[in-house]
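Below is one structure; the comments refer to it alone.
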Amino acid sequence: HEIRTPINGILGMLQLTLMAEDLQADYRDNLTTAKNCADTLLRLINDILDLSKIEAGKMEIVEDSYKLSTVLNDVVNMIQIKAKQKNLDFYVEVDESIPDALFGDEVRIRQVMVNILNNAVKYTKAGSVSLKLSMEKQEDNVMLKIIVKDTGIGIKPDDMKKLFWLYAIPHLYL
């Protein structure tokens, strides 16, 4: 918390300053760049802290109700911008039978999607990135399947095994 608190303070002040209506365009651009850098720094710190928790066996899954549509909307909006900046096509396909109201770890689901999609965009020079969500019903549970495909360099099969520790966490219907 000692690391995140000052960064959140910086982000808050940048956001407040960006809300000023009389801000000159060049100042707005500089502040936006600073905010994007601070956002990236906060995500990196969160990822490092999460990795240390995983390695220490202290990663906690926090389950609560959430709306998949909200998570998906946030993720898609973020990735679409990055894909557009690189002139990549970005496709999203969601199985309509997936219930919107779910119970699970919203933060981890969002984190997994954002990290994998960010890497797909980062390592794809031309072509496309696609996100497909489907599900498997398991009694009262839903197992979300998140599939990311891209025309980039890909991930080595041995490295994939290290990445997908979250795959076995069920999500409940609400």
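The values are calculated or read from the model by the stated rules, or taken from the named source; none is laboratory data. The structure presented is a predicted model; accordingly, all values stated were derived computationally and were not measured. When we count neighbours, we look across all protein chains shown, and the Cβ atoms used for this are built from the backbone with ideal geometry, even at glycine. Side chains included, ligands, DNA and RNA excluded: accessible areas come from the protein's heavy atoms. Shrake-Rupley method; radii C 1.70, N 1.55, O 1.52, S 1.80 Å.
With the structure loaded, tell me whether Thr40 is at pLDDT 85 or above, in a helix (DSSP H, G or I) and among the polar types (S, T, N, Q) or whether it fails that test. Criteria not met by Thr40.
In this entry, Leu72 passes the filter for residues that are within 29 Å of Leu133 (Cβ to Cβ), in contact (Cβ under 8 Å) with a residue 24 or more places away in the chain and not charged (D, E, K, R). Checked against (1) surrounded by 14 or more Cβ atoms within 10 Å (Cβ to Cβ); (2) part of a loop (DSSP other than H, G, I, E, B); (3) modelled with pLDDT of 90 or more, Leu72 passes all but a single condition, namely (2). Entry remark, the range 82-107: residues being of a type in the set (Gly, Ala, Ser) and within 15 Å of the chain's Cα centre (by Cα) number 1 in total. Among residues of the range 77-96 being farther than 16 Å from Ile116 by Cα and without any contact (Cβ under 8 Å) to a residue 24 or more places away in the chain, the one that is surrounded by the fewest Cβ atoms within 10 Å (Cβ to Cβ) is Glu96.
Could you list all residues from the range 31-47 that are over 21 Å from Val75 (Cβ atoms) and free of Cβ contacts under 8 Å to residues at least 12 places away in the same chain?
Taking the range 31-47 and keeping what is over 21 Å from Val75 (Cβ atoms), we get 31, 33-34.
Correct list: Thr33 only.
Restricting to the range 105-127, count the residues that are touching a Ser or Thr at 6+ places or on another chain (Cβ under 9 Å) and either buried (at least 18 other Cβ atoms within 10 Å of the Cβ) or in a helix (DSSP H, G or I) (or both). Matching residues across the range 105-127 total 3. Test Ile79 against the criterion of being in a helix (DSSP H, G or I), under 19 Å from Ile155 (Cβ atoms) and more than 17 Å from the chain's Cα centre (by Cα), and give yes or no. In short, no. Could you tell me whether the range 6-23 includes any residue that is outside any helix (DSSP H, G or I) and not aliphatic (A, V, I, L, M)? Checked against the condition, which is being outside any helix (DSSP H, G or I) and not aliphatic (A, V, I, L, M), the range 6-23 yields at least one hit. Could you check the range 1-27 and list, in sequence order, the residues that are loosely packed, with under 12 Cβ neighbours inside 10 Å, over 20 Å from Leu49 (Cβ atoms) and polar (S, T, N, Q)? Gln24 - this is the single residue of the range 1-27 that is loosely packed, with under 12 Cβ neighbours inside 10 Å, over 20 Å from Leu49 (Cβ atoms) and polar (S, T, N, Q). Take the conditions (1) open to solvent by 50 Å² or more (accessible area, probe 1.4 Å); (2) in contact with a helix residue (DSSP H, G or I) (Cβ under 9 Å, 6 or more places away or on another chain); (3) within 29 Å of Leu133 (Cβ to Cβ); Asp39 misses just one of them, which is (1).
I'm told Glu63 meets every condition in (1) surrounded by 13 or more Cβ atoms within 10 Å (Cβ to Cβ); (2) among the charged types (D, E, K, R); (3) over 28 Å from Gln15 (Cα atoms); (4) modelled with pLDDT of 85 or more except one. Can you identify the failing condition by its number? Glu63 satisfies every listed condition except (4). Only a single item in (1) within 25 Å of Leu44 (Cα to Cα); (2) buried (at least 16 other Cβ atoms within 10 Å of the Cβ); (3) under 17 Å from the mean Cα position of the chain (by Cα) is not met by Leu133, and it is number (1).
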